[in-house]
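A short write-up of the structure that comes next.
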Amino acid sequence: MTVRRFVKEGEPYVWLTFAALVLCLLMVGGMVALVLGQGLATFWPRPLVEVTTAEGEHLLAQRIDVEADAEGHILREQLRIGNRDVYGLDFRWVEVKDVQFGSHPSDVLVVERLQWGPLFAYVERLQEGDKILATGPATGRQVLADVLPAAHARLNEIRRLEVAISDQNTQLEEIDRERKKALWKSRGAPLPESETLRMEGEIVAIRTAMDEIQEKLTRAREEDTHHVVTFKLASGDTKDLILSEVVRADAVNDVGPGGKLRIYTERLWEFLSAEPRESNTEGGVWPALFGTVLMTLVMTVFVVPLGVLAAIFLREYARQGLLVSLVRIAVNNLAGVPSIVFGVFGLGFFVYTVGGWVDNTFFPAFLPTPTFGTGGLIWASATLALLTLPVVIVSTEEALAAVPNSVREGAIGCGATQFQALWRVVLPSAAPGLLTGMILAVARGAGEVAPLMLTGVVKLAPALPLDGHAPYLHLERKFMHLGFHIYDVGFQSPNVEAAMPMVYSTTLLLLILVITLNLTAMLVRSWLREKYRSATF
Amino acid sequence: MIVVVLGMFLFILVEVWPLLQAPHIGQKDTVSSATTSLIAGIDPYGDSVWTLSTEPFVRLVDVPPGTTRGEADVQRGEARPDRQLMLESWQVEGEDPPPAEAAPMPIFLTAATRQGDWLVAGNNDGRVWVGKLTFEPTFAGDVRHTDGHMERVAVLQLDPARTAIKALAFAASDEKEQVFALTERGALLGVTSTVEENLLGETTRTWAPISLVDAPEEGGVTLALDSEGRHLAVTTREELRLWDVRAETRAAQHLKLGGETTSLVWLLGGESLVVGRRDGAITTWMSVDGGEKGRSFQEVTTLAPQAAPITRLVAGGRTRSFLSVAGGTLLLHHRTSGRSWPLAIPSGVVGAWFGPREDQLLTQTGDGKLLLTALENAHPEVSLTTLFRPVWYEGYAKPESVWQSTGGSDEFEPKLSLLPLVWGTLKGTFYALIFAGPLGILAAIYTSLFLDGTTRRWVKPTIEIMASLPSVVLGFLAALWLAPRMAGHLPSILAALVLIPMAAVVAGFLWHRLSRARRASLPGFAPVLWLGLMLGLAVFLSGPLGISVERLFFAGDFRQWMADNGTVVDRRNSLVVAFALGFAVIPLIYTISEDAISAVPPSLKSASLACGASLWQTAVRVMVPAATPGILSAIMIGFGRAVGETMIVLMATGNTPIMDISLFNGFRTLSANIAVELPEAPVDSSLYRLLFLSALLLFGLTFVINTAAEVVRARLRARFKAM
């Protein structure tokens, strides 16, 4: 083919349009690959290397990133030096010419601890009271691995006791709420003496129990402080830690691929199942994951019945006329309204108006502290339910429309009423379509953040919205959310650089959630289409 | 559904509505009648009214019983008899008491002023009484009474010549108090105190005169001192003199006035001066930054002129509202919005005073009747003009559209112009569409007209997945991954813009050089792979090419070069947003355009091909024109999505509300502004309602656009059906 003919037939333009398509695909692929790569790499243990700077400073570091000039010569290198309490910063850019990289010592540990980010150091000494359990890096790390489970058990016991105390506190608050309620009912008149006595008795009982637990707690804490591990930094300085502050310690230079995989899995599990630490930049995202799932579930409870009923009415009962086309325009428009507008509406209507009314009607005793009159799970779910309503309506309608009319006519021909035909024949056939709508709504709801920021999401919720205290599901509580977690940790956290791996992992988690839901919906939908293509008479 | 949409719209509208309401008078209470007061006021609790006339005592009058404003569970008690709080002892310190036998000339008060708790009164003997009037409530159950206390601080013989004090101005701070007065003749006199505190916490004051350069010795008409005690303004018949009292030199600025002044007042914050004239004009003055010429005090606005002389001006203590009395009628004005509203008060007003929170108004008519009214004045600073036209804010060189809703202090003047936000919204949308429009439409053309069926079956879901990606993820990647990389490689990106289309054409040409048989033997996705490779190569090559370009034309550092040429390249700039926002919009545009093109009846395509047109000619001359309305609606829907997108712009722009077309700096959109400010906005404040108005704008805009797009698509569908 000659250039002339190539141009004359307009092929260059065709290839330009082709390029546009491939670019779009590359962008999607590139983005997913980027998040996948960065998010999965977070938990993979990186080796530690000895570094000597021009000033003669000795460091232990993980090599993170490089910066090259135009010719590809590496000029600067980014090192993670950890030990934020000592150096002030987790990361450092160094000029390559100024530093010398040494060996990968096998005894060096990456120590994750409750505060101050990771510590890169050797074990110097392990103590229990005055008894020295081990000294030196080699034996030290073996023994450390042996005693860590016991330390964690002690920490868990302390945590359990703390929870027990907060439970008792909750009971005290319950009594206080009861008293306030009674006072409000009696319009300020003093309560009958029997009541007061009963309450005081209960309070005394709770306080006694609390004192006991408190004593146990003090003893447990005291016992815990006897177990101390001393680390030696690359500079030769030492650093004492109470053993239970060590979350995990891995000799990253001395593990094979299998060991690395084990570390990786354990850290991944911690990420999914643990509470966040250090203002969300370390630890896990369990509360955010839980909040996201619970919020979308509550949203589904709101939106599915409403959306399905509306769709059934539109498709099966309403006479197609001006009203129905108006409704369709309304649905389409609702789908196009920016999510932040829903947030504004949710704040003004649900939180302040409905929530304020609920407070005035049912919880007047606790005012001016709002119960429902402030952002919370229920209002966030209701707002997102409005937002996802069009998704449910449209896909339900689509599913109902896909059921061939002959099926309805057949049912009615057999003597069924319209409702019976709908209930027994049409709906079961359309069920996968309803499911698609639900899944799509959940996928949309799980990814929205802007409306939540106005209606009840917080960076750190003190308690999960679901717990062991009646009424178990606390719809008025504020909650955490993966999407908001990304925004908060990536943009509001004091140490963004150190938090970035966590943000990538959270992003990956959210992405997996949303993409899986969407793929499922697509598969169900295509399966549905196949089914009816063959079922058409 | 209609109910939901209408309900949302109406609810938001109801929240916005009070913004547009003019200030008006609420419930009225006649309190009492008294002789004409020099000054009067309402106590901080709204339980009593105090007045000071020519006699040396403050009269305290209880407001009739009823429910108090703002506090649901408190009642005002029964009105008690009026009380008198004496301005005790007019004896000047260190001066002999007047001999008892000297014929006492009748002494009466001639001027008074109040600032904070301070009450200052002057008499016809040239003396000034300085003291404090404070209030304290007492409760009996839910019933509240409020009582006043008068405390004398000092009496000063301000005018040694013992002529009457005509006008007074006072300012107090922690360290000192200042008193300025105009005498009968119009001479300006000033005294300042120094407060010293000893170890026991007792304070002693010493008073000394202040000398001001060019202080008029006669002919002064009015004076005003701002509450901080910084600026003193005095008018004579033909000019305004202005002193910075705290400056060492205390030199006067002489400013020409357009007419004879009758009244003068500083507004809250001490930046704006309001001048009332005999010819009924009200003008506002303030210090304006004239660039190289330095700051100068200028007349900036003229408010609605009145028919009669402006006899009194009263500044509010909470906003930049002020009252004017002219010919017995009372008007409320606001400096920022430059608006004036008549208030429904019986005519014959001689005096008017704001309540402590500007939600009450005390007026006195010529016959001495005092009227206490509620004042609904929640949003005087907002009008259509202030929202969408430039406004001359305090401290600015010229009228500008600015969004700055909160400042460091209570005296901050809120700058609530929606224009920069609307601008930012449209700017972001525009750039995003420039990026996403061509890409989405071209990709749709290829998919619907040239792509084989198998590949299409997985291409479309992939793009649908792209649509479902949470915007918070896009925003995060744009801001923290893309922005830092883009900032250092701007020329490379420009190079890529050129290289990528070139690579596409070259790839196409090379592909067509393959023999037909060879091409047929390759799997269906091979062209995608091939082109992907070539594009990857182009992107890879654009890196070094960009660096070379940077060396050759931009002295090795593009950002530096731009900065030297007067454009600062922000890290989070419009380019980043265009990319991220475009990413979010592409799938929408793609899907709808693809649907539109695919829906063109295939008979058209067959006819065109049969006539000998090439595939591309068929596409451009036949298929795409037929689908144009559909593609247009795709762009409209993309626009609707981009306009309201929040998280991406919130994260990927610097959120600076500036109006600038430049690709290299950030902006703030309506949606991001809502997300940033609404959680902090006090319920029912002007800011809160304005954010609801922003939401209403977004709602309306997307509603109109989506409806239009829907109508276009419906018509197109009908047309294709008819074919």
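When the protein assembly as shown is described by a simple charge dipole with +1 on each Lys and Arg Cβ and -1 on each Asp and Glu Cβ, the residue from B:Leu663, B:Phe639, A:Trp527 located farthest towards its positive end is A:Trp527.
Here the Karplus curve 6.51 cos²θ - 1.76 cosθ + 1.60, taken at θ = phi - 60°, turns the phi angles of the range B:544-549 into couplings of x, 4, x, 5, 5, 4 Hz, with x standing for Gly and Pro.
Near B:Ala326: Cβ cut-off under 12 Å, other residues only, Lys/Arg at +1 and Asp/Glu at -1. The net charge is +2. Annotation: for a label point projected 7 angstrom from Cα along Cα→Cβ of B:Glu238, residues of the range B:183-212 with backbone N closer than 19 Å are B:186-187. On a straight-distance basis, which aspartates and glutamates could pair with B:Lys460 in a cross-link, Cα separation under 15 angstrom, same-chain partners fewer than 8 positions away excluded? List returned: B:Asp452, B:Glu594, B:Asp595. Each residue, A:Arg5 and B:Ala22, gets one label point 7 Å from its Cα in the Cβ direction; the gap between the two is 8.1 nm. Near the amide H of A:Leu114, within less than 5 Å, lie the amide hydrogens of A:Val247, all on another chain or at least 5 residues away, with H placed in the peptide plane.
Using the Cα gyration tensor of the range A:436-537, with a ≥ b ≥ c the square roots of its eigenvalues, what is the shape: rounded (a/c below 1.5), prolate (a/b larger than b/c) or oblate (neither)? Oblate, since a/c reaches 1.5 and b/c is not below a/b. For the range B:572-581, the Karplus equation 6.51 cos²θ - 1.76 cosθ + 1.60, evaluated at θ = phi - 60°, returns couplings of 8, 10, 5, 4, 4, 5, 4, 5, 5, 5 Hz by residue, with Gly and Pro reported as x. Rounded to the nearest 20 debye, the dipole size of the range B:141-250 about its Cα centre is 340 debye, using +1 on the Cβ of Lys and Arg and -1 on the Cβ of Asp and Glu. Remark: the range A:96-165 projects, on average over all directions, an area of 7.1 nm² (convex hull of Cα atoms).
Using only the Cα atoms of the protein assembly as shown, build the gyration tensor, take square roots of its eigenvalues as a ≥ b ≥ c, and label the shape rounded, prolate or oblate: rounded if a/c is under 1.5, else prolate if a/b is larger than b/c, else oblate. In terms of gyration-tensor shape, prolate.
For chain B, the relative contact order is 10 percent, taking Cα pairs closer than 8 Å that sit 6 or more residues apart in sequence and dividing their mean separation by the residue count. A simple count of charges around A:Asp250, restricted to other residues whose Cβ falls under 11 Å of its Cβ and scoring Lys, Arg +1 and Asp, Glu -1, yields +3.
For the range B:225-240, putting each phi into the Karplus relation 6.51 cos²θ - 1.76 cosθ + 1.60 with θ = phi - 60° gives couplings of 10, 6, 5, 7, x, 9, 10, 10, 10, 9, 10, 9, 4, 10, 9, 10 Hz, in residue order, rounded to whole numbers and with x for Gly and Pro.
When the trypsin sites (Lys or Arg not before Pro) in the range B:271-345 are filtered for DSSP coil states and for at most 12 other beta-carbon atoms within 10 Å of their beta-carbon, no site remains. Estimated from helices alone, the mean residue ellipticity of chain B at 222 nm is -11500 deg cm²/dmol (sum of -39500 (n - 2.57) over DSSP H runs with n ≥ 4, per residue). Ranking A:Gly29, B:Pro629, A:Ile263 by Cα position along the charge dipole of the protein assembly as shown, where only Lys, Arg, Asp and Glu carry charges on their C-beta atoms, puts B:Pro629 farthest toward the positive end. Under 26 Å of direct C-alpha separation, and excluding same-chain neighbours fewer than eight residues apart, A:Lys8 reaches these lysines: B:Lys605. Measuring r between the beta carbons of B:Asp595 and A:Val358 and using R0 = 35 Å, the FRET efficiency lands at 0.20.
Dipole size of the range A:275-402 about its Cα centre, with +1 on Lys/Arg Cβ and -1 on Asp/Glu Cβ: approximately 400 debye, rounded to the nearest 20. Which of rounded, prolate or oblate describes the range A:179-317 when judged by the alpha-carbon gyration tensor and an a/c cut-off of 1.5? Oblate, because a/c is 1.5 or more while a/b does not exceed b/c. Put simply, the convex hull of the Cα atoms in chain A casts, on average, a shadow of 40.8 nm². Using a cut-off of 20 Å between Cα atoms, the listed pairs B:Lys293/B:Lys398; A:Lys531/B:Lys721; A:Lys459/B:Lys415; B:Lys176/B:Lys256 include A:Lys531/B:Lys721; A:Lys459/B:Lys415; B:Lys176/B:Lys256 as exceeding that distance.
Between the range B:532-569 and the range A:328-358, the alpha-carbon centres lie 45 Å apart. Excluding same-chain neighbours fewer than eight residues apart, the lysines reachable from B:Lys369 by a Cα-Cα span under 17 Å are B:Lys28.
Exposed loop sites were defined as GluC sites (Glu not before Pro) in DSSP loop states (anything but H, G, I, E or B) carrying at most 15 other C-beta atoms within 10 Å; in chain A the longest segment without such a site runs A:72-537.
Net charge dipole, the range A:1-69: roughly 660 debye, given to the nearest 20, about the Cα centre with Cβ charges of +1 for Lys and Arg and -1 for Asp and Glu.
Relative contact order of the range B:650-723: 20 percent, from C-alpha pairs under 8 Å at least 6 residues apart in sequence. Over chain B, all Cα pairs binned in 10 Å intervals from 0 give whole-percent P(r) values of 3, 11, 17, 17, 14, 11, 9, 8, 6, 3, 1, 0, 0, 0, listed from short to long.
Along the charge dipole of the protein assembly as shown, which of B:Leu257, A:Ala68, B:Phe412 sits closest to the positive end, that is, farthest toward it, with unit charges on the beta carbon of Lys, Arg, Asp and Glu (+1, +1, -1, -1)? After comparing all options, I get A:Ala68. The amide H of B:Val153, built 1.01 Å from its N in the peptide plane, has B:Val130, B:Gly131, B:Lys132 as neighbours under 5 Å, considering only residues 5 or more places off or on other chains. Please give the Cα centre distance for the range B:171-250 versus the range A:375-454, rounded to the nearest Å. The range B:171-250 and the range A:375-454 have Cα centres spaced 76 Å from each other. Note: relative contact order over the range A:236-376, using C-alpha pairs below 8 Å and six or more positions apart, is 9 percent. Once you reduce the range B:409-467 and the range A:240-292 to the center of their Cα atoms, the two points are 39 Å from each other.
Any read-out appearing in this document is the output of simple, stated calculations on the displayed coordinates, not a laboratory observation. As the structure is a computational prediction, the values presented were derived from the model and not from experiment. All Cβ positions, glycine included, derive from the backbone under ideal geometry; neighbour counts span all protein chains shown.
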